[in-house]
1. Take the residues in the range 100-139 that are surrounded by 12 or more Cβ atoms within 10 Å (Cβ to Cβ) and in contact with a strand residue (DSSP E or B) (Cβ under 8 Å, 6 or more places away or on another chain); name whichever of them is modelled with the lowest pLDDT.
2. What about residue 97, is it in a loop (DSSP other than H, G, I, E, B), under 18 Å from the mean Cα position of the chain (by Cα) and modelled with pLDDT under 95?
3. State whether the residues of the range 20-29 include one that is at pLDDT 95 or above and in a loop (DSSP other than H, G, I, E, B).
4. Being modelled with pLDDT of 95 or more, over 17 Å from the mean Cα position of the chain (by Cα), surrounded by 10 or more Cβ atoms within 10 Å (Cβ to Cβ) and closer than 20 Å to residue 75 by Cβ: is that true of residue 51 here?
5. Across the range 123-148, which residue is nearest to residue 82 (Cα to Cα) among those that are assigned to a loop (DSSP other than H, G, I, E, B) and without any contact (Cβ under 8 Å) to a residue 12 or more places away in the chain?
6. Against the condition farther than 21 Å from residue 155 by Cα and at pLDDT 95 or above, how does residue 63 come out, does it pass?
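The values are calculated or read from the model by the stated rules, or taken from the named source; none is laboratory data. Quantities reported herein were computed from a predicted structural model and do not represent experimental measurements. A quick note on method: Cβ atoms are made from the backbone with ideal geometry, for glycine too, and the neighbour counts reach across all protein chains shown.
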């Protein structure tokens, strides 16, 4: 008898977890809508740029990276799912990969110097694009994501 009650309790708990899930995180997510576009500078595609849309009210961000043709697709919760509906401020940066650091001398060597000793602070990486595009407040770039069911195509035409 005890065995069947324990088994029934185990089944009931498993079903409860299976139906409700392990968390309710997904339930609190606002809907998102597909967004893509092309980034150009003086009419030429910008490759490997990071594109960030920041919703003006909720401040929720969506991100994308341009391919070789300058095309991006935004991601908020899952790859290429889009952005929340409404007006967004936009920033675009193209930060080059950091240069390789020289090999350090062996720690037992008299030439060894711990990283950072005798150096100023690390320089802040600079975008290859005009500085104004690095900040949504100064970029002058805005986009509106619509919930009409179609894909939102928002091309970004940058100038020097």
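1. 127
2. So residue 97 passes the test.
3. The answer is no; no qualifying residue exists.
4. It is false that residue 51 is modelled with pLDDT of 95 or more, over 17 Å from the mean Cα position of the chain (by Cα), surrounded by 10 or more Cβ atoms within 10 Å (Cβ to Cβ) and closer than 20 Å to residue 75 by Cβ.
5. By that ranking, first place goes to 148.
6. No; evaluated as a whole, the condition is false for this residue.
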